[in-house]
Amino acid sequence: MKPARIWLFRLIAVLLPLAMLVLAELFLRLIHFGSDLHVFIPSALNHGYLHLNPEVSKRYFVKEENATKGYEEEFSAVKTKGTFRIFVQGESSAVGFPYLFNGSFHRMLKYRLEREFPEIHFEIINLGLTAVSSYTLADFGREIIRQKPDAILIYAGHNEYVGALGVGSTSRLGNNPFMVRVGIQIRRLRLTQLFLGLVNKLEKQNTGKYSETLMQRMARKQGIPYGSKKYRQGINQFKYNMSRLLSQYQRNHIPVFMADLISNEKDMKPFMSIAANPANQKKFDNLIRQGETHMTNGCPDSAAKIASAIVKEDSIYAAAYYLLGNIYYSKGKSDSAALMFRKALDHDQLRFRAPSAVNEHIYELAQQYGAVVVPFHQVASKFCRQGIIGSEIVTEHVHPNLKGYSMLADLFHNALVNSKLLPDQHESFPDEAFYSEMPLLRMDTLIGLFNIIRLKKGWPFYQDESAVTEGQNNDLQQRMALGIVTGTTNWTNAMDTLYRDAVRRQNHDLALRIAESLHLQFPYDPRFAEKAGGHALSLGNYRKAGFYFAKAFEILPSPELAQQAFVSFLKDDMPEKALPYISYLMRESTGGNSYIAMRSMVENIIQLKAEYRISPDNNEICMGIAGEYFRMGNFFIADKYLRQILTRNSSYTLAREMQKKIAELQN
C-alpha cells in the first residue's frame, strides 16, 4: 500500500470519531437536550431583557444536585442612555443568606441610590451564587464585560477550600488551574452533560436520596492544617482567579470595588481542632474542656495555664488559641484577644471561614489592579464589643445579619459616591436614616432566624435551637416566615397575603413597606410602584409618593399616573419635577387645555425659586412663590413660604393677610 494512502487511512481513523462526537453534540442541541450554560439568557417574560441563567452553576458543580441558583434580576439587553449598571459578584453572603431578596446588601444599596439620584436609572444585578469559589467569579468576567457595566462590586473569598472547585471540596476537578478551566468549558457541552447525568443517576441509585446539608455534601470532612500544601493551594487559587478577573476589568477600564471579609471570630468556636500529633488529640480535647470549666467558674488564670501549655506543645491546635482569646477578652485585653481569636480562625482546619491571609491578598490585588477596597472588616470591628467581630453582626460563622448587610451597603455606597462615578449634586441620606427607611418586614428578620436554626441543626454545628420557633403562632408574619422556610408557601404569595391584610386593617404604613418591597423585587411591574405611591400619599409622604408614581409612569405612562405624580411633586414643593407631567397631560389627556394655566403657574414658581436661591432674604420673591401656590390651592406649601417671611419680618402685612385667608378656606 502506498504511503499516501496509509496516511489517508490514519487521518480518517482520527477524524471519524471526532466527526461522530461533533454530530452527536449537534444532535443533542437540536433536540434541546441539556442546558444552555451561558451566564445570561433572554427573559421569557419581558422581550429585550436578560437575566442570570438559573442553570449556570452546573458549570462548576460535579454533582448537579449541589448546583445552586441565584437571582434572576432583569436588565435591558441594550443598555439605554441614563442607565448606571452595576454587577455584584460573590458567594452566599453576596446573595444575602440567610435572608431573601431585600435582605441582601445590593437591594439596600439600590434603594438608597435610587432616592439620592432619582434622575439615574440604576440596574444592580446580583450574580452571586451559594457555595461557589473564585473560579466562578473569574469565569463570569468575559460575559459580564460584554454587558457594559459601569461598576463591579465583589464580596468573596470564603469558599476557596470547600466551595465548588475548592481545594478541599467534593466538587473539584484537580489542582491544575488550566485543567480546571478546561473542565469548566467542557461542562458546557451537551455530551458532557449527558455523561455526567448518567453517572449521577447511578450514584443516586447506590446512595439513595441526599439527607445532608449542602455544607456537608460540599466538604470532604478533612482537616487542612495551617501552612500545609492544601492551605497554600487555596490561597494561591484565590490569587490566581482574582488576578485573572481583575486584570480583565482593568484592561476594559471598568471600576471595581472589593470588600474585605468578615467572619465570626469571637463567638464561633473552631469547627475542627486537630493536634499535630494524633496521640495528643484526646488529651488536648479533655484539657480544653477543663479550661472551659475554669472559665465558667470564674478562674481565667487557671484556664490560661492550660491553654498556654497546649500552645507551647502544639502550635496548630486551634481550640487552645480560642480559649486564650476568651481569657483575654474576659480581662478586657482587646488587642491580645483579637490576636488569639484570629489565630484560632486561621488554625481551624475545617475551612468554612477564610483565613486572614485572604484579606491581606484582597488589599494586594486591589493595589495591583487599581480596584478600590471597601473596609468592611475595619468598620464591622468598630461596631462590635472590644473591636472583635462576633454575633453582634454575624449570624453564624460568616453571614452578616441585617445590620451587617446594611453596613456593607453603606460602605459600597460611600465608595461609589467618593469615586466620582456619580454626580456630585444629589440628595444625601445619613446611614441610619436610610436603614430605618429600608422596606424590611419582621417577616424578613424571622426568615433569617429560621434559616439559621435549620442550618445549625446539622453538621458541623449540631445546635438544637428549635425552642426559638415555639410560642405565639397567631402572628401572621411569623406564620408566613415559617411557611417560606419550610416550603409550604413562597415569598410572593406571603407578601400578597400580608399586603391584603394590611389594606384590610387600613395600616398604610405597613402596606407601603410591603408595596415598596414588592417594587424592589419586581421593578418592571408598575402595579407595585403605583400602590406604594398611593399609600405614601395617604400618609402625607409626598416625596415618596412622587418617587413611586414617577417610577410607575416610567414603566407604563398614563394620564392617571401623570396626574398623581405632578400633584405629589407640587405638594412636596418640587415644581421642576412636576413640570414634565403637566406637559404630558397637556398633550395626552382629553382636557389638556385646562392645564395651560397650571403650567404657567408652575413655570413662574420655578423662576421665582431660582431668584430666591440667589436672594434668600427677599420677601417680595418669597411672597410671589407663596401667591402662586395659593392660587393653585396648595395651601400647605404656601404657608411654608409665608412663615419664612414672618420669621424675618413678623409685621409683613401681605403675609399675615394670606395666612388669614388660608385659615378661612381650610375651615
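The values are calculated or read from the model by the stated rules, or taken from the named source; none is laboratory data. Everything quoted here is computed from the prediction, not taken from an experiment. A quick note on method: Cβ atoms are made from the backbone with ideal geometry, for glycine too, and the neighbour counts reach across all protein chains shown. Surface accessibility is based on the protein's heavy atoms, side chains included, excluding ligands, DNA and RNA. Shrake-Rupley method; radii C 1.70, N 1.55, O 1.52, S 1.80 Å.
Here are the numbers:
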{"read-out": "Per-residue SASA entry for Tyr435, accessible area with 1.4 Å probe, Å² rounded to 10", "value": "70"}
{"read-out": "With all protein chains modelled, accessible area of Glu360 [1.4 Å, Å²]", "value": "110"}
{"read-out": "Lys/Arg +1, Asp/Glu -1 at C-beta; the chain dipole; positive extreme among Phe376, Ile124, Asn252", "value": "Asn252"}
{"read-out": "Gain in span if fully extended, Arg613 to Thr80, counting 0.36 nm per residue against the direct Cα distance", "value": "188.5 nm"}
{"read-out": "Nearest-0.05 FRET efficiency for Asn418 and Lys305, computed from C-beta distance (R0 41 Å)", "value": "0.25"}
{"read-out": "Residues of type lysines that Lys544 reaches as a straight line, Cα spacing below 24 Å, ignoring anything fewer than 8 places off in the same chain", "value": "Lys110, Lys403, Lys531, Lys571, Lys577, Lys609, Lys640"}
{"read-out": "Modelled FRET efficiency - R0 25 Å, Glu72 with Ile145, Cβ distances, 0.05 increments", "value": "0.75"}
{"read-out": "Arg454 paired with Glu576, simple spin-label distance in nm, labels 7 Å along Cα-to-beta-carbon", "value": "4.9"}
{"read-out": "Linear extension gain, Ala663 paired with Gln216, 0.36 nm per residue minus alpha-carbon span", "value": "153.9 nm"}
{"read-out": "The chain, accessible surface, carbon-and-sulfur percent (1.4 angstrom probe)", "value": "55"}
{"read-out": "Accessible area in square angstrom per residue, the chain, 1.4 angstrom probe", "value": "47"}
{"read-out": "Straight-distance crosslink candidates among aspartates and glutamates, where the alpha carbon sits under 14 Å from Lys148 and sequence neighbours closer than 8 are dropped", "value": "Glu123"}
{"read-out": "Mean shadow area of the chain, taken as a quarter of the surface of its Cα convex hull (nm²)", "value": "42.9"}
{"read-out": "FRET efficiency, 1/(1 + (r/R0)^6) with R0 30 Å, evaluated for Ile186 and Ala44 via beta carbons", "value": "0.60"}
{"read-out": "Links that overshoot a 20 Å alpha carbon limit, given the list Lys63/Lys201; Lys266/Lys333; Lys230/Lys456", "value": "Lys230/Lys456"}
{"read-out": "Accessible-area ranking of Leu421, Leu45, Leu365, Leu476, largest first, probe 1.4 Å", "value": "Leu45, Leu421, Leu476, Leu365"}
{"read-out": "Inter-probe distance in nm under a simple model that places probes 7 Å from Cα toward Cβ, at Thr492 and Phe522", "value": "0.6"}
{"read-out": "Within segment 545-565: backbone nitrogen closer than 19 Å to the Thr590 label point (7 Å, Cα to C-beta)", "value": "558-564"}
{"read-out": "Dipole magnitude (debye, nearest 20) for segment 389-548, charges at Cβ of Lys, Arg, Asp, Glu", "value": "420"}
{"read-out": "Prolate/oblate/rounded call for segment 501-552, Cα gyration tensor, a/c under 1.5 rounded", "value": "oblate"}
{"read-out": "Reachable lysines, given that their alpha-carbon falls under 19 Å from the alpha-carbon of Lys282 and they are not under 8 places away in the same chain", "value": "Lys221, Lys269, Lys305, Lys312"}
{"read-out": "Contour excess over end-to-end distance, with Cα ends at Thr293 and Ser600 and 0.36 nm allotted per residue", "value": "102.5 nm"}
{"read-out": "Cα-Cα P(r), segment 565-608, percent of pairs per 5 Å interval", "value": "5, 27, 33, 24, 8, 1, 0"}
